[in-house]
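Below is one structure, written out as structure tokens, with a few remarks after it.
The values are calculated or read from the model by the stated rules, or taken from the named source; none is laboratory data. Just so we're clear, the structure is a prediction, and the values are computed from it rather than from any experiment. For neighbour counting, all protein chains shown are included, and Cβ atoms are generated from backbone atoms with ideal geometry for every residue, glycine included. Just so you know, the surface numbers come from the protein's heavy atoms only, side chains and all, with ligands and any DNA or RNA stripped out. Shrake-Rupley method; radii C 1.70, N 1.55, O 1.52, S 1.80 Å.
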Amino acid sequence: MSKKRITSLIIGILLSATAHSATVYISDVQFVAIREGLDNSTRAVERGLKSGTPLDVIEQNDGYTKVRTPSGNEGWVADYFLSEDMVTRDQLDTLRARLSKSTESRTEIVDTLKLSQQKIQELSNINTSLNDENESLKQQLQTAAELSEKARAIVSQNDDVSYQIESLKQQASTAVAQSEKLQDTTEQKWFMLGAVTLFGGLLLGALLPLLRRKKNSTGSWS
């Protein structure tokens, strides 16, 4: 075994101690085979691993890395087929997935924002309607207060008119009573005057013959 080969083997053994927990990926190559040995002529334990397939690192040796595939097979693969980072295509798929998710989230946010704006507009319309109704109720209340004041004034005037009417009724009753009393007094006066006149006539009728007789008697005496 050559000195270079031995040196590479030692370095690979040392590196393998820290490489067990590492993960590498098939690089931007369509398909890669995992083989039993470090030579491409050795038997392939697994074929057709596509780019982006994750592999668990077991050890490294002279430009080759022993890996474990997702199906559990172990073998060697050249380092130039491996990458410590995800391949560009997988990164692109990941970014596309993240972009699609972000787009969906943005769409949901936009829809939610539109719905919120619609709700705000509806609430604004309701608020405007309530303000209009409030103003209408204020006007109606003011009109009702004015009508109530006018009604109170009318009632007060009616009370005054009723009092005046009652006073006039009393005055009219008093005037009627006084008129009736005056009429009775006038009738009594006319009755007494008639009685006096009648009595005077009767008295005069009775005295006239006597006066005539007396006159005749006086004339005969002379």
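Got a sec? Which of 114, 50, 119 is closer than 30 Å to residue 23 by Cβ and among the basic types (Lys, Arg)? Walk me through how you get there before you give the answer.
On the way: 114 fails: closer than 30 Å to residue 23 by Cβ; 119 fails: closer than 30 Å to residue 23 by Cβ.
Going through 114, 50, 119 in turn, just one is closer than 30 Å to residue 23 by Cβ and among the basic types (Lys, Arg): 50.
Could you tell me which of the residues 130, 92 is surrounded by 10 or more Cβ atoms within 10 Å (Cβ to Cβ), assigned to a helix (DSSP H, G or I) and modelled with pLDDT under 85?
Values: 130 fails: modelled with pLDDT under 85.
Residue meeting the stated conditions: 92.
State yes or no: is residue 101 at pLDDT 80 or above, more than 53 Å from the chain's Cα centre (by Cα) and either closer than 28 Å to residue 38 by Cα or open to solvent by 80 Å² or more (accessible area, probe 1.4 Å) (or both)?
Numbers: at pLDDT 80 or above: yes; more than 53 Å from the chain's Cα centre (by Cα): no; either closer than 28 Å to residue 38 by Cα or open to solvent by 80 Å² or more (accessible area, probe 1.4 Å) (or both): yes.
When the stated conditions are applied, residue 101 does not pass them.
Residue under question is residue 63, and the condition is that it be closer than 30 Å to residue 41 by Cβ, surrounded by fewer than 10 Cβ atoms within 10 Å (Cβ to Cβ) and modelled with pLDDT of 85 or more; does it hold?
Criteria not met by residue 63.
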